Amino acid sequence: MKMNVENDKKFALLIDADNISPKYIDIILTETVNYGVASIRRIYGDWTDNAKRSWKECLLLNSLTPVQQFSNTTGKNASDSAMIIDAMDILYSNHVDGFVIASSDSDFTALARRLKEDGKMVIGMGESKTPMPFIKVCDQFKTLDVLFESKRNEDKAAGESGENGDRKDRNAGGGRRSGARSGTKAAAEKDSDVQPITSLATIQKAVMEIIDEQTEEGDFLQMSKLSTSLQKRYPDFDYRVYQFSKFSQMLRSFSGIVLTMRGTEWVVGRKGTETLPSDVQRMVTEILDEQLKDGEWMAVGSVLDAIRQREPRFNYHNYGFAQFHKMLKSIPGLEFQQKNSQVRRKNAN
């Protein structure tokens, strides 16, 4: 989820190589760039360990500075202490605006809390197995395995759409080969069985609660304020992990929500609050008064055309209506005939 910044802020990116797979490096760097510049990039681990070989291959490519920490105790993450010490040194130097801590280890909970006490923004990144205390203390938390699988599924879908023309030819190659692919597919599905930390149902419930808490009955809430409040409640919230490309797309999928435009910004409300702004109502009545003589009717489609001549970007869907004639019916003082195909002001003679 991107964050707009007028001036690039400086972040210290600290990666726990004992805890994070190198397959996530592209996601880590891309997400960091959304918040600012990673002016410090350090990765911690025992680089004498052959298990770190896959990390070594991408250190130079991604300008990561490796920090050696020998594993003196079996089963103990040796990188923790080095990361914590470096983070505190960076904090005292006051050369960064925030920290990105990439680890699924709860041992960094106290560190994140301390960094926030000094007013630094803390972005956590880890897998969905990350303990909740670390997630909750972060300003935002990126669930790497879910984002990784989401991106992989997008790439797979794009690839399959380009292969549809060749599928019949490949299937004609024999049952054994098809069976092998089926087994591979089943294994891939098993590996990709990752879930967001916070369920979509929980997010939907929270959206309803925030709207009720921050608005009067029947009123709307700015979508930007809703997003901010939701992020404060659930630092791991990211609409992309629920397979949505936009926050507005996610909101539209909620049955009890209506999304509409007020002036130049999007607002959100509970369904049942689909009322038109006074300026839109006034525009409709002005059009009818200007174009109709006493007793005449105007086609509903012609009313829509007239509105769009004044406001080319007008879209009745933005006001929570599935059909234009339903929007017109919400305006007091209008009457309809011939199955809603014509409209005029009431009391017209």
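The values are calculated or read from the model by the stated rules, or taken from the named source; none is laboratory data. This is a predicted model, so every value here is computed, not measured. As a convention, Cβ positions derive from the backbone with ideal geometry for all residues, glycine included, and neighbour counts pool all protein chains shown.
For the condition in contact with a helix residue (DSSP H, G or I) (Cβ under 9 Å, 6 or more places away or on another chain), modelled with pLDDT under 90 and on the phi < 0 side of the Ramachandran plot, what is the one hit in Ser229, Ser192?
Criteria check complete, one pass: Ser192.
Could you list, in sequence order, all residues of the stretch 13-62 that are hydrophobic (A, V, I, L, M, F, W, C) and free of Cβ contacts under 8 Å to residues at least 40 places away in the same chain?
Ile25, Leu29, Val33, Val37, Ile43, Trp47, Ala51, Trp55, Cys58, Leu59, Leu60, Leu61
Of all residues being touching a Leu at 6+ places or on another chain (Cβ under 9 Å) and assigned to a loop (DSSP other than H, G, I, E, B) in the stretch 322-349, which is modelled with the highest pLDDT? Just the residue, please.
The extreme case among them is Ile331.
Among the candidates Val284, Val280, Val241, which residue alone is in contact with a Phe, Trp or Tyr (Cβ under 9 Å, 6 or more places away or on another chain) and among the β-branched types (Val, Ile, Thr)?
Val280
Scanning the stretch 258-277 for residues that are farther than 14 Å from Ser330 by Cβ and assigned to a loop (DSSP other than H, G, I, E, B), which turns out modelled with the highest pLDDT?
Step by step, filter the stretch 258-277, then rank; the result is Thr264.
Let's see how each residue does on (1) in a loop (DSSP other than H, G, I, E, B); (2) more than 20 Å from the chain's Cα centre (by Cα); (3) surrounded by 24 or more Cβ atoms within 10 Å (Cβ to Cβ):
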{"residue": "Val96", "(1), (2), (3)": "yes, yes, no"}
{"residue": "Lys116", "(1), (2), (3)": "no, yes, no"}
{"residue": "Met125", "(1), (2), (3)": "no, no, yes"}
{"residue": "Lys136", "(1), (2), (3)": "no, no, no"}
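(1) over 28 Å from Lys156 (Cα atoms); (2) at pLDDT 80 or above: which one isn't true of Val241, the others all being true?
Val241 satisfies all of (1) over 28 Å from Lys156 (Cα atoms); (2) at pLDDT 80 or above except (1).
Residue-wise test of (1) in contact (Cβ under 8 Å) with a residue 60 or more places away in the chain; (2) surrounded by 13 or more Cβ atoms within 10 Å (Cβ to Cβ); (3) out of contact with any Pro (no Cβ under 7 Å at 6 or more places or on another chain).
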| site | (1), (2), (3) |
| --- | --- |
| Pro235 | yes, yes, yes |
| Ser245 | no, no, yes |
| Val284 | no, yes, yes |
| Gln291 | no, no, yes |
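Being farther than 19 Å from Met121 by Cα and either of a type in the set (Asp, Glu) or more than 30 Å from the chain's Cα centre (by Cα) (or both) is the filter here; which residues of the stretch 20-51 pass it?
Within the stretch 20-51, Asp26, Gly45, Asp46, Trp47, Thr48, Asp49, Asn50, Ala51 meet the criteria.
Here is a yes/no grid of residues against (1) modelled with pLDDT of 95 or more; (2) part of a helix (DSSP H, G or I); (3) more than 20 Å from Lys120 (Cβ to Cβ):
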| position | (1), (2), (3) |
| --- | --- |
| Asn4 | no, no, no |
| Ala12 | yes, no, no |
| Asp18 | no, no, yes |
| Arg53 | no, yes, yes |
| Lys56 | no, yes, yes |
| Leu61 | no, no, yes |
| Ser71 | no, no, yes |
| Thr74 | no, no, yes |
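Return the residues of the stretch 221-253 that are more than 27 Å from Pro133 (Cβ to Cβ) and in a loop (DSSP other than H, G, I, E, B); say none if nothing qualifies.
Correct list: Gln243, Phe244, Ser245, Lys246, Ser253.
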